[in-house]
Amino acid sequence: MAGEMKMQAPGIQDIGVNFPFVLVLEHPVVDLPGMFELTQAFDMYEMEADSTDQQGLVKENILVDVLELTPTVTTIKVTPAETMSYAAMAKHTQAMLDSLSKRLFKGKARIVRMSWEIDKTGVASDLRGMLRKVS
């Protein structure tokens, strides 16, 4: 599930935002007990040491909630614990997905959709993200 595209508009600096996003993950079939195991794995991931920078626990950077499961699809919500750049969000999220996909599905899981939870549109991203409180 490694990122394939790296791009940044010329002259654009990273901005800090902290709004959450929802990811839809396709994976091999799991049964009902497997759904609970998968949910627990995401919940417990927050308590693991942060492999992206070795500074504390994952929950100090991102918080993860499982919203919905089917035998082949899991929907999760990722909420940044603090304001960070999109690149930092991608780094922390990719580390989580790589780790859990390897652990639970032998690397055979992939993201098929991502959607942002933006409560107020028409506001510059740097201001919108900085003003939003993590709930």
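Would you call L32 open to solvent by 70 Å² or more (accessible area, probe 1.4 Å) and at pLDDT 95 or above? Even if it seems obvious, please write down each step before you answer.
Details: open to solvent by 70 Å² or more (accessible area, probe 1.4 Å): yes; at pLDDT 95 or above: yes.
Judged against the criteria, L32 is a match.
With respect to the conditions (1) open to solvent by 60 Å² or more (accessible area, probe 1.4 Å); (2) not in a strand (DSSP E or B), T93 lacks only one, and its number is (1).
Residues are listed down the side, and each one gets a yes or a no for (1) under 18 Å from T93 (Cβ atoms); (2) of a type in the set (V, I, T); (3) not in a helix (DSSP H, G or I):
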| site | (1), (2), (3) |
| --- | --- |
| V22 | yes, yes, yes |
| V29 | no, yes, yes |
| P33 | no, no, no |
| E37 | no, no, no |
| A41 | yes, no, no |
| T52 | yes, yes, yes |
| V64 | yes, yes, yes |
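Apart from one condition, M84 fits all of (1) of a type in the set (A, V, I, L, M); (2) in contact (Cβ under 8 Å) with a residue 60 or more places away in the chain; (3) in contact with a strand residue (DSSP E or B) (Cβ under 8 Å, 6 or more places away or on another chain); (4) within 21 Å of R110 (Cβ to Cβ); the exception is (4).
The values are calculated or read from the model by the stated rules, or taken from the named source; none is laboratory data. Since the structure is predicted, the reported quantities are computational estimates derived from the model, not experimental observations. Ideal geometry is used to build each Cβ from the backbone, glycine not excepted, and the neighbour counts take in all protein chains shown. Protein only, heavy atoms only, side chains kept; ligands, DNA and RNA dropped before computing areas. Shrake-Rupley method; radii C 1.70, N 1.55, O 1.52, S 1.80 Å.
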